Amino acid sequence: MPTAEDARRKIVEHGMAIHDRIVESLPPGLGLMVEQVRSISRTYKGDLDTFLTNLATVKNIDNLITYIALLAVLNKYKSLSDEELRRLGAAFERHVYDVVSASRLRKALEEAGVEKEVANESISTLLRALGVIHHKHKALYLWIAKQRRLANFERGVREVFFRGEGGNKVGRGVKLLLRMFIHDTNIPLAIKIAYSQEYKKYLPHGDMYTALVTLRSGAFEDVASLTAERVKARVAKRLLCEARGEKCKDVVIRLESIRGLVRHVAKISGDPVLYERGAYDIGVKYCKDLKCDACPIRDVCKRFIFIRLR
């Protein structure tokens, strides 16, 4: 009988087997920079000074960071779809790429179909934040590369790009920017975090798809928290109903009520970044449409398909 640990392991393995959708959607020019950063990071991860010296040779590296920051700010307003990411990437490369300005950003966002009010607010927020970082750290890559503690990095991202605001929408943007730079398989600029135990302190945003896979797969079943016990009780009641051959209702759960549980499950998976990536991908491509027979974790999933989130 597959265990919750088995489910988590398979989800992480799937996350390792695919690319983060942000990285996957990068335009060719920025994608090439990612490969350069990874190579430098893996070679000089134990020597910060040499790492920084080599990073300085990557042309327009700050524009790669600017683009990721732009996505993070936009993600506050809505969760960006894969198609929206592709349009944004193409428009950014066409109109911005090597020269960042309000007018060029405005053209790019207009072409990508971003609402005018959202575009204006996002551009204003982004340029203000970039100005703050440049004034204090001279370059964006220097600000990120010198980060040592995940909690401090997250606090800095929230303060600089989101004026210290809280809430789930802001959290969605914060987490996007964080995960991009703290993991070896993404854009590991924060080497002191990416190549230590610090990256394992990352807690996912807890989106609908990651949560759905976490619950339906049974990846939470060995957690002893009050929230987990409540979910397990409702699942057991539903299974008993099925065993009796009765007409059974779906188990409907509020996302907000189990977001903390999802984050905890990601943490105990051993690699919360890969767990989030794998669970999200499975949720979008398989779980939401109940494509269980094609799912990469079908051999270990509990298939609690009667669980729905709202």
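The values are calculated or read from the model by the stated rules, or taken from the named source; none is laboratory data. Every value quoted in this text rests on a predicted model; they were computed, and no experiment measured them. Note that we place each Cβ from the backbone using ideal geometry, even for glycine, and neighbour counts take in every protein chain shown. Surface areas here come from the heavy atoms of the whole protein model, side chains and all, with no ligands, DNA or RNA. Shrake-Rupley method; radii C 1.70, N 1.55, O 1.52, S 1.80 Å.
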Step through the residues of the stretch 240-251 one at a time and calculate ³J(HN,Hα) from phi using the Karplus curve (6.51 cos²θ - 1.76 cosθ + 1.60, θ = phi - 60°), rounding each to whole Hz and writing x for Gly and Pro.
5, 4, 5, 4, 7, x, 8, 7, 10, 8, 5, 8
Quick one: accessible surface of H95, probe radius 1.4 Å, all protein chains present, in square angstrom to the nearest 10.
50
In square angstrom, what is the accessible area per residue of the stretch 214-285 with a 1.4 angstrom probe?
48
3J(HN,Hα) from dihedral phi, the stretch 68-79, Karplus parametrisation 6.51/-1.76/1.60, rounded to Hz, x for glycine, proline:
4, 5, 4, 4, 4, 5, 5, 5, 5, 7, 6, 6
Charge-dipole axis of the stretch 180-310 as Lys and Arg at +1 and Asp and Glu at -1 on Cβ define it, positive-most pick from Y195, G218, C248:
C248
To test your reading of the geometry: what angle, between 0 and 90 degrees and rounded to tens, separates the Cα axis of helix 208-217 from the longest principal axis of the chain?
40
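Can you give the helix-only mean residue ellipticity at 222 nm for the chain, where every DSSP H stretch with n ≥ 4 adds -39500 (n - 2.57) and the sum goes over all residues, rounded to the nearest 500 deg cm²/dmol?
On the way: 16 runs with 197 residues, N = 310.
Dividing the helical sum by the residues of the chain leaves -20000 deg cm²/dmol.
Before I look further, what does the stretch 52-125 give for accessible area per residue, probe 1.4 Å, in whole square angstrom? Don't skip to the answer; put the middle values down first.
On the way: 3450 Å² over 74 residues.
With all protein chains present, the stretch 52-125 gives 47 Å² per residue.
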Just by accessible area at a 1.4 angstrom probe, what is the order of T185, T50, T3 from largest to smallest?
T3, T50, T185
Could you order the peptides 227-240, 52-65 from most to least packed, using the average number of other C-beta atoms within 10 Å per residue?
52-65, 227-240
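Starting from the Kirkwood Rh over alpha-carbon pairs, what translational D in µm² s⁻¹ does the chain have by Stokes-Einstein at 10 °C and 1.306 mPa s?
On the way: Rh = 20.4 Å.
Rounded to a whole number, D works out at 78 µm²/s.
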Compute the helix-to-body angle for 28-44: its Cα long axis versus the longest principal axis of the chain, expressed 0 to 90° and rounded to tens.
90
Selected from N60, N186, A4, residue furthest toward positive end of dipole (the chain; charges at beta carbon)
A4
From largest accessible area down, sort R94, R216, R128; use a 1.4 Å probe on the protein chains.
R94, R128, R216
Any idea how far the Cα center of the stretch 157-197 sits from the one of the stretch 120-134, in Å?
17
Rounded to whole Hz, the Karplus (6.51, -1.76, 1.60) HN-Hα couplings of the stretch 162-168, x for glycine and proline
10, 6, x, 5, x, x, 5
Taking a probe of 1.4 angstrom, what is the accessible area of M16 in Å², to the nearest 10?
110
Got a number for carbon plus sulfur as a percent of the stretch 198-310's accessible area, 1.4 Å probe?
51
Helix 272-285 versus the longest principal axis of the chain: what is the Cα-based angle in degrees, 0 to 90, to the nearest 10?
70
Roll a 1.4 Å probe over the protein heavy atoms and report the accessible area of L88 in Å², nearest 10.
10
Carbon and sulfur %, accessible surface of the stretch 72-181 computed with the full protein complex present, 1.4 Å:
47
